[in-house]
1. Please list the non-local residues whose amide H lies under 5 Å from the amide H of ASN131, H modeled 1.01 Å from N, same-chain partners needing a gap of 5 or more.
2. Can you list the residues, at least 5 places off or on another chain, whose amide H is less than 5 Å from the amide H of THR35, using H built in the peptide plane?
3. Name the residues of region 314-333 whose amide N is less than 14 Å from a point 7 angstrom out from the Cα of ASP303 along the C-beta direction?
4. Amide H to amide H, which residues 5 or more places from ASN242 or on other chains are under 5 Å from it, using H placed in the peptide plane?
5. Within region 224-241, which residues have the backbone N less than 16 Å from the label spot 7 Å out from ASN198 along Cα→beta-carbon, could you tell me?
6. Between SER71 and ASP106, what's the calculated FRET efficiency when r is the beta-carbon distance and R0 is 41 Å? Round to 0.05.
7. Can you work out ³J(HN,Hα) from phi for every residue in region 198-203, in order, using Karplus 6.51 cos²θ - 1.76 cosθ + 1.60 and θ = phi - 60°, giving whole Hz and x for Gly and Pro?
8. All other residues with a Cβ under 12 Å from the Cβ of THR54 taken together, and with Lys, Arg as +1 and Asp, Glu as -1, what is their net charge?
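Bear in mind that the values in this text are calculations on the coordinates, not laboratory data. Just so it is clear, the model here is predicted, and its values are computed rather than measured. Every residue, glycine among them, receives a Cβ derived from its backbone with ideal geometry; neighbour counts consider all protein chains shown.
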Amino acid sequence: MRITNNMMMSNFLTNLNKINTKLNKTQEQISSQTTISRPSDNPTGTARSMRLRTNLAENDQYITNTDYAISWADSAESALSNATDIMQRARELTVQGSNSGVYTQDSLDAIADEIEQLRQNMLLELGNASNGGRFIFGGTKTIDTPFKDTSPDKLITLSVPPSDNNTIGKPFVSTGNELATDVGSVPGDKKFTITVGNYSAEVTVNVTGAESNSELLNKIKNAIDGTTTLQDSSSPPKTIPNPISGKVNIVDYKDSASGETYSGINISSPVAFKIQDNSGDSLVEKSGIGRREISDIVGYNGDNTNLYVQVGAGNVNIAINVPGGEPFSSNIAALTNLRNALRSGDASKIQNALGYVDKAQKVTLTSRSDLGARSNRLDLISKRLDELDMNFQELLSNNEDTDIAQAITDLSMQQSVQRAALAVGAKIIVPTLIDFLR
């Protein structure tokens, strides 16, 4: 095979171009500090980098969410800590005020004035604490003020101390002949509607007009308990089990304000509900039948719902707040009762108010304990997310960052090869007439 000068020149230029391409790529990697400037540089590495960058972006958002949750929890813990101090001070004042033989009414009024100031602090400052312009204890209603003191002198009568789940049974009152007069004055069927969300059922109580209060209470209890399902207005209607069926009890209450004992219907339910008569009046509001949150009484405007943030892949959510209807409504109700009891000068009422204070303290401490557990979990999550961030950064760096020392070594070698190729090329270029004239 005859090797011509043109073939030699063509091969020389092809090889020189390859050398220059490698040299240019190495220079580009050194200047850009990355081995991947375009997907074609390393398709597999590009796909891996894209996954790692997605993981980093998600992890960064989880870190932001966790930091926000920690800030929210710290603000809530500060408010609850102050609330605990207030209730402890209120308890000390209650113990003082219960010594009726020592303190005059003027002294009790002075203590009541201090209790009122504690109540105002609890209601308007701690209950309305905010974080970043959002109210902490309003549930999902973080824009509206959770607590408003619309009736500062209103008597709040709690028939029983707050229970562990912070509900009180406001009974359908049965003192004297009141219930028989109200419900049983006209014989016939009395219609009541149970409503839970979009579901309802009508119950019927047959009244002869001769029932006693006790008999009427039992008829109402049996009618509610006997209603096992509720249905909505769709066609055909959907049904759900009646959540208050089997949860109706007839109990005796001692009113802390009047000291009277009376019978009533108490319904303990995990869901909100209402019972209305056939005129549309709600017996929850009219006569107190059913379950009412303490927050319904003290004027809580939140919704007692937890706020959740996602702090990990796979829908790992954690509640960041303490709904104000749990601790603060109990505290406000207890302080209000204590203030009223002190102003009445009745030693037994003051002593009863101590039970409310202790119960409210328990609710607050339970909320603080739960919040503390979540705060500890958030700290652990934050530490883990920081470690994941460092891990992803390291993996991304290993995948695409330039090894400068190796790249400079390669560059020097490629420059030497380029110079050698140019020197060889000079030998194979065909001499021209100009070269001979020299």
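1. Residues meeting the criterion, in which the H sits 1.01 Å from N, are ILE136.
2. ASP401, THR402
3. What the label zone holds, given the 14 Å backbone N cut-off, is 323-324.
4. THR229, LEU230
5. Residues 230-241 fall inside that zone.
6. Calculated transfer efficiency: 0.35.
7. Values, residue by residue: 8, 10, 8, 7, 9, 10 Hz.
8. So the environment of THR54 carries a net charge of +1.
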